[in-house]
Amino acid sequence: MNSGELPPQAPYPPEISTTVFHFTDDISKMMSILKIGFKPHLSLEDISWLGNSMYQEMAYPMVSFCDLPIGKLNEHIKYYGSYGIGMRKRWALKNGLTPALYVIPNSHFAKNIIDSQLKIFFLEDERTKKNERLDGEYDSKNLIFNILARSKPFEGNDLKKVNEGKRLFYHEREWRYVPDIQAVPLGISKANFDRSKDHYNTALAEQSMLHFAPEDVLYILVKNEYEIPALIQFINSNLSDKYAPSQLQLLQSKITSYEHISRDI
């Protein structure tokens, strides 16, 4: 097996999707993804489950997808938007996407994460006061942030829709692409997020785009049937310098509408 090559894939049972979907609420955002790829951005997440009164929110760099069969997308689409791209799960695995780790706050796992986090940050504060640094300190802190950036509470508050109340995140079956680049910390406080999110998002767009080929795409969803001709025209006009005619036709063949599939889901 060549370096970077995935092992043979185990067969999926019928109830497991072979697709990961990314949804947005605007057709122009979806057109941008088709043209340049998925753009990671800072996402502000509820971390109140960690029990730290000083930090209730933390931002992590990511692109989010859901691992839901197309027949179970109805509620997800209503919440996140009717414009989506469905990617082969093989592509997701090849590019390092991982399922979110759903955490029950009172579980042993959560308590271990909380204890490790508190120890690392307490020791860091103490060493900062003494102007000291310990070997491996960065690695330990980075490990915690790598876990937290891929973790989500079983249920909690969606900080992007503050008026929606608590949401059962577990039912979203989220997958995340979390880039790790030096220009952007893996965990960013709410104050730093408010102050510097544009700077960090620019760095993410410049250094960690998530690319794909037409062969990786299984579905392109628009909200209404009447939007399909405009999307076909966009593909022909804006992607012809990037893809061969056969690849443009392949992308066009993947287009359908939520208006159409909603009759079946």
- prompt: Which condition number does K160 fail, the rest of (1) closer than 19 Å to T19 by Cβ; (2) surrounded by fewer than 13 Cβ atoms within 10 Å (Cβ to Cβ); (3) in contact (Cβ under 8 Å) with a residue 60 or more places away in the chain being met?
  reply: (1)
query: Taking I220, is it assigned to a helix (DSSP H, G or I), of a type in the set (V, I, T), at negative phi and modelled with pLDDT of 90 or more?
result: no
Any hit, the stretch 194-214, residues being in contact with a helix residue (DSSP H, G or I) (Cβ under 8 Å, 6 or more places away or on another chain), surrounded by fewer than 16 Cβ atoms within 10 Å (Cβ to Cβ), over 18 Å from I77 (Cα atoms) and among the charged types (D, E, K, R): no
- request: Would you mind finding the one in Y79, Y55, Y102 that is farther than 18 Å from V20 by Cβ and either at pLDDT below 75 or surrounded by 13 or more Cβ atoms within 10 Å (Cβ to Cβ) (or both)?
  value: Y55
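Would you please name the residue that is surrounded by the most Cβ atoms within 10 Å (Cβ to Cβ), looking only at residues in the stretch 215-242 that are out of contact with any strand residue (DSSP E or B) (no Cβ under 9 Å at 6 or more places or on another chain) and small (G, A, S)?
So the residue we want is S240.
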field: Candidate set: the stretch 226-265, residues that are among the small types (G, A, S) and within 26 Å of the chain's Cα centre (by Cα); chosen: the one farthest from Y83 (Cα to Cα)
entry: S253
message: Can you tell me which residue is farthest from I70 (Cα to Cα) among those in the stretch 142-181 that are assigned to a loop (DSSP other than H, G, I, E, B), under 19 Å from the mean Cα position of the chain (by Cα) and not charged (D, E, K, R)?
response: I181
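The values are calculated or read from the model by the stated rules, or taken from the named source; none is laboratory data. If you're wondering where the values come from, they're calculated on a predicted model, not measured in any experiment. Here Cβ is always computed from backbone atoms with ideal geometry, including for glycine, and neighbour counts include all displayed protein chains.
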